[in-house]
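First comes the structure, then the notes that go with it.
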Amino acid sequence: MALERVDKLLANTGRWSRKEAAELVRAGRVTVEGTPVCRREEKFPAQTRFRVDGEEISTEEHTYLMLHKPAGLVSATEDPRESTVLSLLPEHLRRIGLFPAGRLDKDTVGLLLLTNDGALAHALLAPGRHVDKRYLVRVEGVLDREDERAFREGMVLGDGFHCLPAGLEILGAHEAIVTLWEGKYHQIKRMCAARGKKVVFLKRLTFGSLTLDEALEPGGWRPLTEEELRTLRERR
């Protein structure tokens, strides 16, 4: 198991610089299992549970957050004109290279995974993986069995794009659950438009094995649980 200096591990969290972390150690403010860390040069595994002023600090190499994306933000790390989903996070989490694993349109809400684990994100988003994603959609116009059939069989859009078969479970005249196994630009909106229906609300409910925690208000976020992360990795 690789070991790293304590000042580097603390600096990797984005909360402190290496110099600031070293000062914390010198001041006796960093402990492991109740014992102060005495020297900045001491080395520990990344999984070590440090406490700084009594607060537990995670120094894991990668971070995984579930975000309930609100409307009005773009799914990007930076944008010259628009506010991004990273603006919802505290400053120290904006320093550690987090990015959205996949995108939601600016006006689409719901589940978004933020991580700095590029290998996992690539595995989940690779076109050949066909990770399923479920959405709640509301439309102008009345949904019917012919729409279900068109989604189920796949369709060719006006620009010639061939959509893979998708699920459409009608909940009411204007509301349905859509399941995709691919994720092209504005795909649900384009598929509904091809059926003569305009999407007026779109919310992502699931992404692979992850399900949106409805206890999260729009704009809220939390780390993935160990079980959520385990099942997500198994689906790679």
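The values are calculated or read from the model by the stated rules, or taken from the named source; none is laboratory data. Keep in mind that this is a model prediction, so the values were computed, not measured. Don't worry about glycine lacking a Cβ; one is built from the backbone with ideal geometry, like all the others, and counts go over all protein chains shown.
Just one of the listed residues (127, 80, 90, 45) is over 15 Å from the mean Cα position of the chain (by Cα), surrounded by fewer than 14 Cβ atoms within 10 Å (Cβ to Cβ) and closer than 17 Å to residue 216 by Cβ, and it is 90.
Evaluating residue 40 against the criteria (1) surrounded by 14 or more Cβ atoms within 10 Å (Cβ to Cβ); (2) in a loop (DSSP other than H, G, I, E, B); (3) within 28 Å of the chain's Cα centre (by Cα) leaves one unmet condition, (3). Of all residues in region 129-143, those that are under 15 Å from residue 184 (Cβ atoms) and touching a residue at least 12 places away in the same chain (Cβ under 8 Å) have Cβ atoms under 9 Å from Cβ atoms of residues that are basic (Lys, Arg) and crowded, with 22+ Cβ neighbours inside 10 Å, 6 or more apart or on another chain, in 133/204; 135/204. Kindly indicate whether any position in region 195-208 is surrounded by 15 or more Cβ atoms within 10 Å (Cβ to Cβ), out of contact with any strand residue (DSSP E or B) (no Cβ under 7 Å at 6 or more places or on another chain), of a type outside the set (S, T, N, Q) and more than 21 Å from residue 119 (Cα to Cα). Scanning region 195-208, I find at least one residue that is surrounded by 15 or more Cβ atoms within 10 Å (Cβ to Cβ), out of contact with any strand residue (DSSP E or B) (no Cβ under 7 Å at 6 or more places or on another chain), of a type outside the set (S, T, N, Q) and more than 21 Å from residue 119 (Cα to Cα), so the answer is yes. When 220, 154 are checked against the criterion of being over 17 Å from residue 67 (Cβ atoms) and among the small types (Gly, Ala, Ser), 154 stands alone in meeting it.
Scanning region 125-137 for residues that are modelled with pLDDT of 90 or more and not in a loop (DSSP other than H, G, I, E, B) yields a count of 5. State which residue is surrounded by the fewest Cβ atoms within 10 Å (Cβ to Cβ) when the search covers only region 209-236 and only residues that are touching a residue at least 24 places away in the same chain (Cβ under 8 Å) and assigned to a helix (DSSP H, G or I). My answer is 234.
When region 1-18 is filtered for residues that are of a type outside the set (A, V, I, L, M, F, W, C) and touching a helix residue (DSSP H, G or I) at 6+ places or on another chain (Cβ under 8 Å), the ones remaining, listed by number, are 7, 8, 13, 14, 15, 17, 18.
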